[in-house]
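Working notes, structure below.
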Amino acid sequence: MEHVPVFVANWKMALSHKAAMETLKAIKKLAKDMPDSVEAVVCPSFPSLAEAASFVGKISGLQVGAQNVHWEESGAWTGEVAVSQIAPFASHCIIGHSERRRLTGETDQQVAEKAALLIRHGLVPIVCVGESWEERQAGETVKRVSEQVEVLLTKLTRVALAKLIVTYEPIWAISANNPVAPPDPDEVAQNMLLIRKLAAGQFGNEAAERLRIIYGGSVDADNVKQYVGEPGVDGALVGSASLKPVQFVSMIKTIGEVGST
Ligand code: PEP
């Protein structure tokens, strides 16, 4: 099934509010002639969500997402952010990023609960799954990715698959983790096929075809065609290269011209 390719900018904690708004302004200016055939979701830190959302307004193809949400609707969770607090500003939300799984101990179960909660509130979860370098070296990539996806699927319905984006992001390929080598695009495509097969096993081929699966890990304007040009790859989650507006918009335009598979 043809999907509209989606590019998600994960700005992490990299920008002050002022710098985030300046970066967004530059993207908006460059994105004026952005192809309609591509979607872009910019994910700043929580304090910038409201202003980013009002600034982006109704530009076609450009949307705002959050970088995390709590798995409970509400409650005594000091320092956490509830789905109802991000929903007025964000259409999407990244969850299960490896930095959160590793550094804050987020579990597969919690990530799955977050996904179901976001869908109930009309937001698109962008769920990150992927293996560490040690898991890859031990030949455990399939096992680890399958575990994460299977737990996720237990909390979802067939209909929900169309409202979800899964990011296959090998942890070792993230630029902040200093990858030894870029992942082989064929291997990436195989792991994404695994994710679609797991979804098909649970909900059937038709529902699984509706799921968007994107790739994350050191994507930039030079290599974007290699990864997003592979069959079944519906876009990219982009970290450091998304902080450079010219580079981010250029990769979107490249794929807009090429089209998705
Ligand atoms: C990320 O950490 O989600 C990411 C995609 O980062 P980078 O593009 O910098 O590898």
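The values are calculated or read from the model by the stated rules, or taken from the named source; none is laboratory data. What you see is a predicted model; the values in this text were computed from it and never measured. Note that each Cβ is placed from the backbone with ideal geometry, even for glycine, and that neighbours are counted across all protein chains shown.
Do you know which residues across the stretch 214-226 are crowded, with 23+ Cβ neighbours inside 10 Å and either of a type in the set (Phe, Trp, Tyr) or more than 6 Å from the ligand (Cβ to nearest atom) (or both)?
If the condition is that a residue be crowded, with 23+ Cβ neighbours inside 10 Å and either of a type in the set (Phe, Trp, Tyr) or more than 6 Å from the ligand (Cβ to nearest atom) (or both), then Ile214, Tyr215, Val224 are the ones that fit.
Quick test for you: out of Ser98, Ser91, pick the one residue that is small (Gly, Ala, Ser), touching a strand residue (DSSP E or B) at 6+ places or on another chain (Cβ under 9 Å) and surrounded by fewer than 19 Cβ atoms within 10 Å (Cβ to Cβ).
Ser91 is the lone residue from the list that is small (Gly, Ala, Ser), touching a strand residue (DSSP E or B) at 6+ places or on another chain (Cβ under 9 Å) and surrounded by fewer than 19 Cβ atoms within 10 Å (Cβ to Cβ).
Which one of the conditions (1) without any contact (Cβ under 8 Å) to a residue 60 or more places away in the chain; (2) in contact with a Ser or Thr (Cβ under 7 Å, 6 or more places away or on another chain) does Gly61 fail to meet, given that it meets all the rest?
(2)
For the stretch 159-186, give me each residue that is within 20 Å of Gln110 (Cα to Cα), touching a Phe, Trp or Tyr at 6+ places or on another chain (Cβ under 9 Å) and in a loop (DSSP other than H, G, I, E, B).
Glu169, Pro170
Residue by residue through the stretch 1-33, note down the ones that are farther than 26 Å from Ser175 by Cα and either in a helix (DSSP H, G or I) or more than 20 Å from the chain's Cα centre (by Cα) (or both). Before you say what the answer is, go through the steps one by one.
Start the filter on the stretch 1-33 by keeping residues that are farther than 26 Å from Ser175 by Cα, which leaves 1-3, 29, 32-33.
Those that are farther than 26 Å from Ser175 by Cα and either in a helix (DSSP H, G or I) or more than 20 Å from the chain's Cα centre (by Cα) (or both): Lys29, Lys32, Asp33.
If only one of Ser48, Ser74 is over 17 Å from Pro125 (Cβ atoms) and surrounded by fewer than 18 Cβ atoms within 10 Å (Cβ to Cβ), which one is it?
One residue alone meets the criteria, Ser74.
Can you tell which of Trp172, Trp77 is aromatic (Phe, Trp, Tyr) and under 19 Å from Val238 (Cα atoms)?
None of the others qualify; the one that does is Trp172.
Going by the structure shown, is Leu194 aliphatic (A, V, I, L, M), crowded, with 20+ Cβ neighbours inside 10 Å, out of contact with any His (no Cβ under 7 Å at 6 or more places or on another chain) and in contact (Cβ under 8 Å) with a residue 40 or more places away in the chain?
Details: aliphatic (A, V, I, L, M): yes; crowded, with 20+ Cβ neighbours inside 10 Å: no; out of contact with any His (no Cβ under 7 Å at 6 or more places or on another chain): yes; in contact (Cβ under 8 Å) with a residue 40 or more places away in the chain: yes.
It is false that Leu194 is aliphatic (A, V, I, L, M), crowded, with 20+ Cβ neighbours inside 10 Å, out of contact with any His (no Cβ under 7 Å at 6 or more places or on another chain) and in contact (Cβ under 8 Å) with a residue 40 or more places away in the chain.
Report, by residue number, each residue of the stretch 93-112 that is aliphatic (A, V, I, L, M), outside any helix (DSSP H, G or I) and in contact with a Lys or Arg (Cβ under 8 Å, 6 or more places away or on another chain).
Step one: of the stretch 93-112, the residues aliphatic (A, V, I, L, M) are 94-95, 103, 111-112.
In the following step, the residues that additionally are outside any helix (DSSP H, G or I) were identified as 94-95.
Across the stretch 93-112, the qualifying residue is only Ile95.
Within the stretch 239-253, can one find any residue that is more than 16 Å from the ligand (Cβ to nearest atom), at pLDDT 95 or above, under 26 Å from Met13 (Cβ atoms) and in a loop (DSSP other than H, G, I, E, B)?
No.
Between Ala115, Ala90, which is assigned to a loop (DSSP other than H, G, I, E, B), touching a residue at least 40 places away in the same chain (Cβ under 8 Å) and under 22 Å from Leu49 (Cα atoms)? Full working, then the answer.
Details: Ala115 fails: assigned to a loop (DSSP other than H, G, I, E, B).
Result: Ala90 is the single residue among Ala115, Ala90 that is assigned to a loop (DSSP other than H, G, I, E, B), touching a residue at least 40 places away in the same chain (Cβ under 8 Å) and under 22 Å from Leu49 (Cα atoms).
Scan Ala207, Ala236 and give me the residue that is in contact with a helix residue (DSSP H, G or I) (Cβ under 7 Å, 6 or more places away or on another chain) and either away from the ligand (no atom under 11 Å from the Cβ) or in a helix (DSSP H, G or I) (or both). Full working, then the answer.
Values: Ala236 fails: either away from the ligand (no atom under 11 Å from the Cβ) or in a helix (DSSP H, G or I) (or both).
So the residue among Ala207, Ala236 that is in contact with a helix residue (DSSP H, G or I) (Cβ under 7 Å, 6 or more places away or on another chain) and either away from the ligand (no atom under 11 Å from the Cβ) or in a helix (DSSP H, G or I) (or both) is Ala207.
Among the numbered criteria (1) away from the ligand (no atom under 16 Å from the Cβ); (2) at pLDDT 95 or above, which single criterion is violated by Pro44?
It is condition (1) that Pro44 fails.
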